[in-house]
Amino acid sequence: MLAAHIAATLALFLMDLPLTVTASSGLAVLLSAVWAVRAQTQKHGLAFVLAADGALRICHEGDGGDDAWARVLPGAVVFPAVVWFALGWTSPDGRSHRLRLMLIAAEVQEAPGDEERGDPAQWRRLRIWLRHRAGRPAQGSSCSRT
């Protein structure tokens, strides 16, 4: 992510643009890089547990945070090396939450034993789940499981 922002910044300085355009575009690229790094750090410590009914449990590892049950919102995009999807859930206090994620294969940690076989099983399972299970309507209940 940072490499793309650095390349964009270098391209700005190589182009023959007025100083004001270069400076304002450079600022926009810098803000975009800060936003991208912030988005990456928010994903740290999250674990997803995929359910057969299309729900997804968001677990906060190590910080003692409450787990949440969510649903994948319509519009998930699944490619061999990257997935984009949005999650939606309602907290016990009634507030609605949304989380948009872009995951690449390198960010998905394999379960013990999977990497020994050279099989990226967790990544493959996530992609299959997003294609076939995610987005299914809840079966008579909301995602607020206990």
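Using a ≥ b ≥ c from the Cα gyration tensor of region 1-113 (square roots of the eigenvalues), is it rounded, prolate or oblate, where a/c under 1.5 gives rounded and otherwise the larger of a/b and b/c decides, a/b for prolate? Prolate.
Please list, by residue number, every one of the trypsin sites (Lys or Arg not before Pro) in region 32-101 that is coil in DSSP and has at most 15 other beta-carbon atoms within 10 Å. Taking region 32-101 and a limit of 15 other Cβ atoms within 10 Å, the loop trypsin sites (Lys or Arg not before Pro) found are ARG95.
Going by the alpha-carbon gyration tensor, a ≥ b ≥ c the square roots of its eigenvalues, is region 2-43 rounded (a/c under 1.5) or, if a/c is not under 1.5, prolate (a/b greater than b/c) versus oblate? Oblate is the answer for region 2-43, as a/c is 1.5 or above yet b/c matches or exceeds a/b.
Read the figures in this text as sums done on the coordinates, not as results from a lab. Please read these numbers as outputs of a predicted model, since none were measured by experiment. Reconstructed Cβ throughout: ideal geometry from the backbone, glycine too, with neighbour counts over all protein chains shown.
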